[in-house]
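Report on the structure given below.
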Amino acid sequence: TDIVIGVSANASWYYGDPSNTNNSSINTGASYTTKNQLKLSFQSNIYTSKNEWLIGGDWRYWKYVQDTYGLGTNTAQSVGQNMDFDFIRLNQNVLRRVGKYAYVGLGYDLEYYTDISTLSNENDSIIYPSFNSVYSRQQGFDSASYLASGLMATATYDSRDNTINPFKGYVFTIQYRNYNEIFGSSSNYQTLNFQAQNYHSFNKKDTYILASRFLASTLLNGRVPYMVLNAIGWDKYNTTGRGYVQGRFRGKDFLYLEIENRITITKNRFFGIAVFANAETMSNFDGGVKLFDYIKPAAGIGLRFLYDKYSRTNICIDYARGVDGSSGIWFNLGEFF
């Protein structure tokens, strides 16, 4: 992204008694880079009193430039093509509590990509054919613009003691998505997504936390636009795949595993460190690449500075390395997961 100028803000509060109500949170961000990348993002998790309702959203408008490398986890870093596009995401879920930690509900998801072009990294001339145009032609999409629009059904189990920086608890989420032309979608398709997170404290002072998460997504049927396919770093908070640039790996099916050790160093909890590792695999059925044919690992270390003791919000600064010489620095307000 070259030079970035921006601001990120986090708000956390309780809509009820903290003894029986999870903390709600909102994350917002606005940034602009010397590559003419504009990002406006708003993510939320709202728990009403006694956790009767869980309302989660992911809204964003990006005018963006990003390299893409084709499909599957066997792609080479040297083949990256620079994509220029505008992007709108409106993702909103409303879930009702049906057990002590269990929720079920419905939602709506819209992902709209427009003004898409693939440009040369050397002179900004248009590249054709490109990964996006070839795939779009094969699947019957307009390579310059496409829309995914559909309904979601979600079931979640969430026993975390804090939603921003958990010390203990579990999260299990399964979500079925049905995108359909009757909602304006460019095609009909269905996906099934699963996520599991675990947090374990090894002492009474909660100074050593082992956190892990597993994500999986599969295409049940239908045709998915190129940029809407599963891609590393394109989750709700853009935190998967530290060690690789966002969008480095893309595919129809996706598996992801991450483990992180969080160690508090100072007694006042102001300073700590994190040591982490992750791995992902993605498929490309058209190219004969299946899950587990290629696995891409990454690992790194980071610093944690307590930003707000009441919500446990940390400022995170991480360095991570992947394979093929991939590396970078990642910043976040709040833990990465």
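Taking every pair of distinct Cα atoms and averaging 1/r, then inverting, what Kirkwood hydrodynamic radius in Å comes out for region 194-337? Averaging 1/r across every pair of different Cα atoms and inverting gives 16.2 Å.
Here's the list of lysines a cross-link from K205 could span, going by alpha-carbon distance under 24 Å and ignoring same-chain residues fewer than 8 apart: K168, K267, K309.
Compared with the alpha-carbon gap, the fully stretched path from I182 to K63 is longer by 40.1 nm at 0.36 nm per residue. Note down the accessible area of V94, probe 1.4 Å, to the nearest 10 Å². Its heavy atoms expose roughly 70 Å² to the probe.
Evaluating 6.51 cos²θ - 1.76 cosθ + 1.60 at θ = phi - 60° for every residue in region 163-170, the Karplus couplings come out as 8, 9, 9, x, 9, 7, x, 9 Hz, glycine and proline recorded as x.
Explain nothing, just the number: relative contact order of region 195-266, from Cα pairs under 8 Å at least 6 residues apart, as a whole percent.
Working: 107 pairs, mean separation 27.6, N = 72.
In percent, rounded to a whole number, it is 38.
In the chain, the calculated helix contribution to ellipticity at 222 nm averages -1000 deg cm²/dmol per residue, counting -39,500 (n - 2.57) for every DSSP H run with n ≥ 4. Our coupling estimate for region 28-33, obtained by passing each phi through the Karplus curve with A = 6.51, B = -1.76, C = 1.60 and θ = phi - 60°, is 10, x, 9, 8, 9, 10 Hz, Gly and Pro reported as x.
Sequence gap at least 6, Cα distance under 8 Å: using those rules, report the relative contact order of region 1-154 to the nearest whole percent.
On the way: 360 pairs, mean separation 24.4, N = 154.
Relative contact order, region 1-154: 16 percent.
Of W53, W234, the order by accessible heavy-atom surface (1.4 Å probe, DNA, RNA and ligands excluded), from most exposed downward, is W53, W234. Sequence-distant contacts, meaning Cα pairs under 8 Å at least 6 residues apart, place the relative contact order of the chain at 12 percent.
3J(HN,Hα) along region 225-237: x, 3, 6, 8, 4, 3, 8, 5, x, 10, 6, 3, 10 Hz, from the Karplus curve 6.51 cos²θ - 1.76 cosθ + 1.60 with θ = phi - 60°, whole Hz, x for Gly and Pro.
Computed over neighbours whose Cβ is under 11 Å from that of T48, the net charge equals +2, Lys and Arg +1, Asp and Glu -1. Counting only lysines at least 8 places from K252 when in the same chain, those with an alpha carbon closer than 26 Å to its own are K39, K63, K236, K290, K296. Heavy-atom accessible area for F285, with the other protein chains in place and a 1.4 Å probe, reaches approximately 110 Å².
The values are calculated or read from the model by the stated rules, or taken from the named source; none is laboratory data. Keep in mind that what you see is a predicted model, and the values were worked out from it rather than measured. Neighbour counts run over all protein chains shown; Cβ positions are idealised from the backbone, glycine included. Remember, those area values only see protein heavy atoms, side chains included, never the ligands or the DNA or RNA. Shrake-Rupley method; radii C 1.70, N 1.55, O 1.52, S 1.80 Å.
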